Amino acid sequence: MTSKIVVNNIEPDAGISTVSILGIATATKFIGDVEGAVTGNVTGDATGLSGNPSINTTGIVTATSFVPTVGQLSHRNIIVNGDMRIAQRATTSTTAGVTTIDRFKFQYSGTDEAPTASQVDVTSGGAYDSGFRKCFKVTNGNQTGGAGTSDMISVDYNFETQDISYSGWNYVSSSSFITLSYWVKSSVSQNFYGRFQTIDGTGQNYPFETGTLTANTWTKITKTIPGNSNLQFDTSGATDLGLFLELSMFRGTDKTGTIALDAWNPYGSGTTRTPDQTSTWYTTNDATFEITGVQFEVGPTATPFEHRSFGDELRRCERYYQIIKPTIGEAQNTSNIQGVLRANPPMRATPTASILSNSNNVNLAGGGPNSVTSIGTIYYNGTTGGWAEMGGTGFTQHRNYFILGDKFAFSAEL
């Protein structure tokens, strides 16, 4: 037997304002608030939503358009190689600078034993579950002398000025935001500090902290950074250094002290950069610190990481460093080859050339290998390279030499 109750209207009376139905309520329209789970199809518009509500669904959301209120849908991440996949130079090094993973600078000073920078695999944890397979790992040396006042270890990232000034961030407005997010793991449980520093105009410093990390556990850090009326960035398309990010493992007290966190502070030579930093990690022999998934995007919210193809990411990295492709040159005499060294894609600035291998890096057809041991003047040098004087011995005059790939490199790093 079935039954049906037809009600044209339910109006609240004194003390009665709720109707509970254990079965199914079917209506042509619901007006007002609906609490609890709703099953089935919901049609209409969401013009009544206000504030910052969330809508969670396991089904399909169909819309005529999705329009972000800040930023764009693609190319959101200003950071190049934030997933740490590209390492053109090497996968491990104890030398400071951009020596392993592209675009990320390994910095240290005052250490008793040099730390090591490496590209390593991500094998488990939150970062792995988020799709990351490579990370930048710093392994501490044995700092037997303890934490000195000028000792420091950090991983830095340098931004071109134009990448900030043209990003869409209204950086002089405190109501406009840019967001940093990254994954971090430390073998030592402690709080770590990071900071941004601007270069143009009167430099500004923005320090922040991770909070105490759980040892050997991937943790996602998100920092939303407001603009400030004191920030300045050249708007002429400048390709020089305009902003840098520093993620510290440790910094001694000569550059730390009392400073406001999560706020822009004036910066000058010798200025306090962060609050005093805990030295536990630094004084722990072979302690490790790992980062991956670094994203920097316009807007007040950290969106999911923008995973780009390997080829796309490599080409972006080659704006700053690239292995020179195979080319050709002619021996002018027994000690000099004039060779074409071309950069493709074009680089950030006029590059400097280096020799990656001094042995058998050129070849004479029918004559076998030979070696260029120095690179002199590069004529017509621009962002795409030029015509180089290349020194060595035993060349056959007026013969063409094949200049091998993977033996020479261009750098235009910040």
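What follows is calculated from the coordinates using simple rules that are stated; it is not laboratory data. Worth saying up front: this structure is predicted, and the values here are computed from it rather than measured. Glycine also receives a Cβ, built like all others from the backbone with ideal geometry; neighbour counts cover every protein chain displayed.
Couplings for segment 319-335, taken from phi via the Karplus curve 6.51 cos²θ - 1.76 cosθ + 1.60 with θ = phi - 60°, read 5, 10, 7, 8, 6, 6, 6, x, 8, 9, x, 10, 6, 7, 7, 6, 10 Hz in order; Gly and Pro are left as x. Computed 3J(HN,Hα) for segment 338-344, one whole-Hz value per residue from the Karplus formula 6.51 cos²θ - 1.76 cosθ + 1.60 where θ = phi - 60°, is 9, x, 7, 10, 10, 9, 9, glycine and proline marked x. The H on the amide N of S176, modeled in the peptide plane, is under 5 Å from the matching H of G227, each at least 5 residues off or on a different chain.
Judged by the mean number of other Cβ atoms found within 10 Å, the most tightly packed of the peptides 197-208, 339-350, 95-106 leads the ranking 95-106, 197-208, 339-350. Of the cross-linked pairs K137/K325; K134/K255; K105/K134; K105/K137; K223/K255; K134/K223, those separated by over 24 Å at the C-alpha level are K137/K325; K134/K255. Using a ≥ b ≥ c from the Cα gyration tensor of segment 271-334 (square roots of the eigenvalues), is it rounded, prolate or oblate, where a/c under 1.5 gives rounded and otherwise the larger of a/b and b/c decides, a/b for prolate? Oblate.
Summarising the amide proton neighbourhood of N191: residues at separation of 5 or more, or on other chains, whose placed amide H is nearer than 5 Å comprise L213. In a fully extended conformation the segment linking D240 and T123 would gain 38.5 nm over its present Cα-Cα distance, using 0.36 nm per residue. With a Förster radius of 41 Å applied to the C-beta separation of N363 and T94, the computed FRET efficiency comes to 0.80. Taking a ≥ b ≥ c as the square roots of the eigenvalues of the Cα gyration tensor, an a/c ratio of 1.5 or more together with a/b no larger than b/c marks segment 92-316 as oblate. Quick one: grab the alpha carbon gyration tensor of segment 321-411, order the square roots of its eigenvalues as a ≥ b ≥ c, and give me rounded if a/c is under 1.5, else prolate or oblate depending on whether a/b is larger than b/c. It is prolate, given that a/c is not under 1.5 and a/b is the larger ratio.
The slack between S309 and S411, meaning 0.36 nm per residue of separation minus the straight C-alpha distance, is 34.5 nm. In this structure, T271 and Q338 have a Cβ-Cβ separation that, at R0 = 30 Å, corresponds to a calculated FRET efficiency of about 0.05.
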